[in-house]
1. Relative to the longest principal Cα axis of the chain, at what angle does helix 180-198 sit, 0 to 90 degrees, rounded to 10?
2. At a probe radius of 1.4 Å, what is the per-residue accessible area of Lys150, in Å² to the nearest 10?
3. Between Asp26 and Ser357, what length in nm is gained on full extension when 0.36 nm per residue of separation is reduced by their alpha carbon distance?
4. Could you pull out the pairs from Lys289/Lys368; Lys101/Lys202; Lys181/Lys368; Lys181/Lys289 whose alpha carbons sit more than 27 Å apart here?
5. Can you tell me the Rg and the Dmax, both Å, for the Cα atoms in region 90-212?
6. Over the Cα atoms of region 1-94, Rg to Rh with Kirkwood Rh, two decimal places?
7. Taking N as the number of residues in region 237-304, what is its alpha-carbon radius of gyration divided by 2.2 N^0.38 Å?
8. What is the Cα radius of gyration of the chain over 2.2 N^0.38 Å, N being its residue count?
Amino acid sequence: MFTFKHPVDIRFGEGIISQLGEIISDLEYSRLVVVATRSQVKNGVAEFIETELGEKIKTVISDIEANPTIENVSEIAAALHAHDAHAVIAVGGGSAMDASKAAAAAYMQGVEPGSIIEHTDFTRALPVIAIPSTSGSASEVTASSIISDKSQGLKVPLIGPGLYPKVALVDPELTLTCPPKVTAISGIDVICHALDCLGSTKHNPVSDTLAIRAANLAFKNLLAAYNEPSDREARTNMSLASMMAGMAFSQTGTSGSHAMSYYLTSQYDVPHGEACAFSLDEWFKVNAKANPQLHDHAKDIGFEDAEDLARAFNGLKQNLGLGMTLSDFGINHADIPVIADESMRQANMKNNIAQLSRGEIIEMLEQKQA
Ligand SMILES: [Zn+2]
């Protein structure tokens, strides 16, 4: 028995951003706030949106941090308020979309943005039109938003059906300008999303199908997109992979590799995708032991079994120049117990098919020393 509810109106394809004007008219929105990352301002996408929508755009906010903060959410919510906005258009990577989704909920529910991370009801939010410029976060098709509280050193996931964007406008052309390092880090996250879904206790036949196809596309196309940023076919396949993995984890949540990543990011500044990729190989093998069906999934993705997939994943990481060991991130051996404790504390660790003891998690981390 399972359910699969996905409410986002997805529009996908090269050049589809040109349909934005029509989409906004159909929805009858006339007062809009645009949230664009600096790179989307620099490369002219924000200007294109302004030209396309003219007076409907009331303001453009562009100083969103890589890990969006409560201050970012407050600034967007204030603009929504000042302009009595009908919707927010978010263009950029996960940061612009996550900040916009949180602000849309704060504004709609009359919640003080400063206390958004203590808020728990995310059933309602102002509509968000999400336009991703990277392939990775998949925030355009998920009901979550990760917001940082710098003063407390916290990264808090906000989750609820109101955080699904109204429209996901996925135009692979926007990713052509994505620099190789960002392509690598966000692209490896696509595989982490897909395999975390397969290793989630909440997986179902539809999420499995989306995750398998997403992983297959990402394994085949990520290195090409990294080596040759203008490779349109690779870029389109990565956009598709990211979106499908996002649809899958919007239903199942993430599991082991993500649970282990958060502390690596908050404590040692390891970028999100790279932090998840750090332990993904081990989690996939451990989960395949607990549920041998994962060996079949590995075959469907294009490998002999889970071990073969894990080896290929590490080869891909190496080719992308991503960190492989704790010392690559400057992390001392002495920190292993606290990393294990922090990993076990995460809600999505309980989602993981294989439930490991603290000792087993420490052993997993020991294997990741230089
Ligand atoms: Zn992720």
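The values are calculated or read from the model by the stated rules, or taken from the named source; none is laboratory data. Just so it is clear, the model here is predicted, and its values are computed rather than measured. All Cβ positions, glycine included, derive from the backbone under ideal geometry; neighbour counts span all protein chains shown. Note: areas computed on protein heavy atoms with side chains; ligands, DNA, RNA excluded. Shrake-Rupley method; radii C 1.70, N 1.55, O 1.52, S 1.80 Å.
1. The helix 180-198 is inclined about 70 degrees to the chain.
2. 130
3. Between Asp26 and Ser357, full extension yields an extra 113.8 nm.
4. Distance filter (> 27 Å) returns Lys181/Lys289.
5. Expressed in Å, the Cα Rg and Dmax of region 90-212 come to 15.1, 42.
6. My calculation puts Rg/Rh at 1.00.
7. Taking N as the residue count of region 237-304, the ratio is 1.22.
8. My calculation over the Cα atoms of the chain gives 0.95.
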